[in-house]
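What follows is a short report on a single structure.
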Amino acid sequence: MRHIIYIFNAIFAVVLALQLVGCDDGHVDDPVYVNTEDSYNVQITGTFQSLNTWTGSYIVVAACFNEESEYSLIQKVLPAASTDSTTEVLTLSGVPTNSKTVEIALVNTLRKRIATLYSYEIPENQRYSDTIKIDVETLNVGMFGTINQLIFQGTGTNCSRCHASARAAADLDLSADNAYHNLVGKKATKDSTKTRVVPGDADSSFLYKVITEGDENVGYSHPGLFADEKYAPFLDIIKAWINGGAKE
Ligand code: HEC
């Protein structure tokens, strides 16, 4: 009998507690803002350097991506620049709400991302605001700058691991500040009849030979550095860069 009383008391206590919790304690939660729109706008401001050095079929765009695809959800091509540096305000309107990043990216003609030059992760709570404003400040989006950053210094191909500073393999120092001047117009160490980069002529450039087919004096392992499909397009890009005059 006593047990039953205990149980009743316990049930009573729980019911009371639930009622108290359910009571209006005067606190009003902030209303949850649910957006019914399925898109919004992104405005990107920036000073873009060396955009005018691009040749070939790759394009620099302002674009949105999500993690499901390498193809941009929406993009705007950075307008062709006639000067070394151009300041732009670009608006992407109708950005789908499933976008996760706003990027300055290099894409191919199918809108597939080849490289990210700048990335802004859209915070969860900003996804539904009317216009996201991003200032990318000053960004080098040049053709050589992109190759240098992603290939010569990049962690995937890692040229500068073996080709850096004093102990550089084949006396070729490809560290960030030296790569350009040690390549363009410079005689090759391993084949003195060749020049590393001959502006306007990729097929005669030792660099291009070494990375595409290898060379008996250097070995045949370099093409393997571009085997990953992430880097493979750069063989094309390096070729176009050399053939376009190897501009800095
Ligand atoms: C694992 C080390 C290693 C990595 C990584 C590497 N290289 Fe090399 N590279 C060498 C070696 C070693 C030689 C010279 C071979 C010899 O001494 O016989 C060489 C030679 C060269 C040469 C010939 C230079 C000349 O003047 O003779 C070029 C060009 C070159 N590498 C470019 C690159 C590029 C571009 C990358 C990145 C995509 C790269 N290498 C990554 C080790 C490396």
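Each reported figure results from applying straightforward, stated rules to the coordinates on display, with no laboratory input. All of these numbers come straight from a predicted model, not from anything done at the bench. So basically every Cβ, Gly included, is an ideal-geometry build from the backbone, and we count neighbours across all protein chains shown.
Pairs of lysines 8 or more apart, or on different chains, with alpha carbons under 21 Å: count those in segment 50-204, would you?
Lysine pairs meeting the criterion: 6.
Evaluate the charge dipole of segment 39-140 about its Cα centre and quote only its size in Debye, nearest 20, assuming +1 on the Cβ of each Lys and Arg and -1 on the Cβ of each Asp and Glu.
260
Where the only charges are on Cβ atoms (+1 Lys, Arg; -1 Asp, Glu), what is the dipole of segment 89-203 about its Cα centre, to the nearest 20 debye?
380
Assuming R0 = 41 Å, what is the FRET efficiency of Thr47 and Glu216, from their Cβ-Cβ distance, to the nearest 0.05?
In this case the efficiency is close to 0.35.
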